[in-house]
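What follows is a single structure, written as structure tokens, with notes after it.
The values are calculated or read from the model by the stated rules, or taken from the named source; none is laboratory data. Bear in mind that the values here come from a model prediction, so they are computed numbers and not experimental data. Cβ atoms come from the backbone with ideal geometry, glycine included; neighbour counts cover every protein chain shown. Calculation scope for accessible area: heavy atoms of the full protein, side chains included, ligands and nucleic acids excluded. Shrake-Rupley method; radii C 1.70, N 1.55, O 1.52, S 1.80 Å.
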Amino acid sequence: DSSVTGVQTCALPISIAGWCVAAFGTRSVVWLAGGALIIDLGTGLAHGANLSALQRRYPTMGGRINAVYMVAYFVGGASGAAIAPALYLRIGWTAVAIFAAGVAALGVLGTFAWRTSLSAEMTESVG
């Protein structure tokens with residue numbers, strides 16, 4: 001669905017922008033708070049769009065696909081929570097922000113891969 005992938009395409013760059021703002025959190029708590037709000041907006045939009053896309057793509061799988069998604073979401077969050085303190089202690093807050101923005105950028109690449117595979121499937125089913 002183009003509306004869902006459109007939200008996905010916009011949501012993660014919003015999150016990346018939030019991490020760029022939050023990177024200045026060492027200068028002022030205002031930067032940190034502003035970044036947190038933008039990150040929350042972007043990740044919330046991406047989360048909702050991802051769940052919607054999965055439900056549309058796999059309508060018969062219902063709760064099972066939600067469970068797989070949420071486990072992956074949790075593992076990703078736990079991994080980030082394990083890596084971030086080490087980065088912070090060794091390099092500093094800016095490294096944490098760059099790492100998180102990089103992870104979100106990987107999500108953007110994943111969204112484009114998802115859209116490409118959907119387009120290829122649609123082309124095959126029509127042709």
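Observations, loosely collected:
- Residue satisfying all of: in region 99-111; surrounded by fewer than 15 Cβ atoms within 10 Å (Cβ to Cβ) and not small (G, A, S); nearest to A36 (Cα to Cα) among these: L106
- Residues of region 51-67 satisfying the condition of being assigned to a helix (DSSP H, G or I) and either within 19 Å of Q8 (Cα to Cα) or of a type in the set (K, R) (or both): L51, S52, A53, L54, Q55, R56, R57, R64, I65, N66
- Count of region 12-44 residues which are in a helix (DSSP H, G or I), closer than 12 Å to W93 by Cα and open to solvent by 60 Å² or more (accessible area, probe 1.4 Å): 4
- Filtering region 68-105 to residues that are part of a helix (DSSP H, G or I) and not hydrophobic (A, V, I, L, M, F, W, C) leaves Y69, Y73, G76, G77, S79, G80, P85, Y88, R90, T94, G102.
- The number of residues in region 45-65 that are closer than 15 Å to G107 by Cβ and buried (at least 16 other Cβ atoms within 10 Å of the Cβ) comes to 7.
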